[in-house]
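Step one of this worksheet: look at the structure below.
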Protein chains: 2
Amino acid sequence: MTNVAGCELCDLSVPAVWAGPKFSVIIVEDANYPGFCRVIWRDHVREMSDLSREDRLLVNEAVHQLELAVREVMQPLKVNVASLGNVVPHLHWHVIPRYADDAHFPAPVWAQASRQADEATLAARRALLPQLADAIVRRFNQFQQEEQACPTQPT
Amino acid sequence: MTNVAGCELCDLSVPAVWAGPKFSVIIVEDANYPGFCRVIWRDHVREMSDLSREDRLLVNEAVHQLELAVREVMQPLKVNVASLGNVVPHLHWHVIPRYADDAHFPAPVWAQASRQADEATLAARRALLPQLADAIVRRFNQFQQEEQACPTQPT
């Protein structure tokens with residue numbers, strides 16, 4: 001396992017909702033974006049294209065499973081998916097539920113905010129987080145079982 | 001084929017560098033980001049998780065091939081990959097070469113700019129664009145041949 005001193009994703013301080021041998025899934029604590037999640041690769045790898053084909057397919061599938069969980073529970077207007085890593089160049093994917101009334105819509109969450117999201121609306125979305133955690137655990141346990149039975153096939 | 005009136009990605013006005021039956025690849029004209037590219041799915045589909053498994057694997061592979069082409073020619077410090085689609089909810093992926101001296105680094109390109117990138121540096125990167133177009137065509141022709149011979153396998 002590759003570990004880089006001082007990398008905050010090698011030394012993950014946030015508790016994972018689900019952790020497997022190769023990646024973890026977390027729900028980000030972002031006051032404006034309840035349901036914002038990440039897939040974090042365990043090893044210190046910089047780019048998707050630095051992974052083996054097998055591992056890359058695994059990450060793609062993990063991001064897909066997370067998108068499904070976020071859609072199922074958070075019912076967003078749109079899902080945003082991104083792997084940036086400019087600040088922390090340790091492979092991770094953002095999966096962000098977006099709504100017409102959120103702080104930045106339709107701009108990306110990294111742009112300047114265009115409004116303050118309504119507090120009651122945010123509270124209602126935050127109330128879904130235990131259900132989101134359950135959906136993630138359920139989907140990723142199932143995913144892991146399927147991977148063990150029949151790994152994602154490189155062609 | 002699904003086509004939605006008024007969708008700028010259904011009615012793509014930018015010439016594609018490479019166009020296949022299911023998606024196109026374009027080089028974005030962005031003065032600050034030479035080498036910024038997109039994979040644009042042909043049908044009007046909103047989310048990755050609205051695709052069939054076969055098509056989703058195809059998109060993932062296309063984004064990977066584009067990342068390889070961008071790394072090969074543009075030699076970025078980091079690659080940013082994102083599917084947002086809040087403004088135009090027609091599936092497309094951004095692949096963006098990032099450098100320590102670009103206008104926003106380490107922030108995402110959608111954040112507020114932190115500097116004006118050096119014009120000579122940008123010009124040198126722009127001079128690589130014909131080579132990037134060649135690399136895209138070469139890689140995607142090869143990818144298409146391999147797909148035809150042996151499609152990406154759903155498990």
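Numerical summary
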| quantity | calculated |
| --- | --- |
| Mean ellipticity per residue at 222 nm, deg cm²/dmol - from DSSP H runs of n ≥ 4 across chain A, formula -39500 (n - 2.57) | -11000 deg cm²/dmol |
| Projected-area average for chain A over all orientations - Cα convex hull basis, square nanometres | 9.6 |
| Nearby aspartates and glutamates by direct alpha-carbon distance to A:K78 (threshold 15 angstrom, same-chain neighbours under 8 apart not counted) | A:E67, A:D101, A:D102, B:E47, B:D50 |
| Contour excess over end-to-end distance, with Cα ends at B:L129 and B:S52 and 0.36 nm allotted per residue | 24.4 nm |
| Pairwise label distance in nanometres, A:T121 with B:E8, each label 7 Å out on the Cα-Cβ vector | 2.4 |
| Test item: Cα-centred dipole of chain A, Lys/Arg +1 and Asp/Glu -1 on Cβ, debye | 180 |
| Tail fraction, Cα-Cα pairs, segment B:1-75, threshold 17 Å, whole percent | 48 |
| Average beta-carbon neighbours from other chains, 10 Å sphere, peptide A:83-92 | 5 |
| Contact order relative to length of chain B, as percent, for alpha carbon pairs under 8 angstrom and 6 or more apart | 25 |
| 5 Å-binned pair-distance histogram of segment B:85-135 (Cα, whole percent) | 5, 16, 19, 20, 19, 16, 5, 0 |
| Net charge of neighbours whose Cβ lies under 12 Å from the Cβ of B:L51, counting Lys and Arg as +1 and Asp and Glu as -1 | -1 |
| Inter-label distance for A:K22 and A:N141, nm, one decimal - labels placed 7 Å from Cα along Cα-to-Cβ | 2.2 |
| Tensor-based shape of segment A:64-155 (alpha-carbon gyration tensor, a/c under 1.5 rounded, otherwise prolate or oblate) | oblate |
| Tensor-based shape of the protein assembly as shown (alpha-carbon gyration tensor, a/c under 1.5 rounded, otherwise prolate or oblate) | rounded |
| Angle between chain A longest axis and helix A:129-149 axis [Cα atoms, degrees, rounded to 10] | 20 |
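Values in this text are rule-based calculations from the coordinates and carry no lab data. Please read these numbers as outputs of a predicted model, since none were measured by experiment. Every residue, glycine as well, gets a Cβ built from its backbone with ideal geometry; the counts of neighbours run over all protein chains shown.
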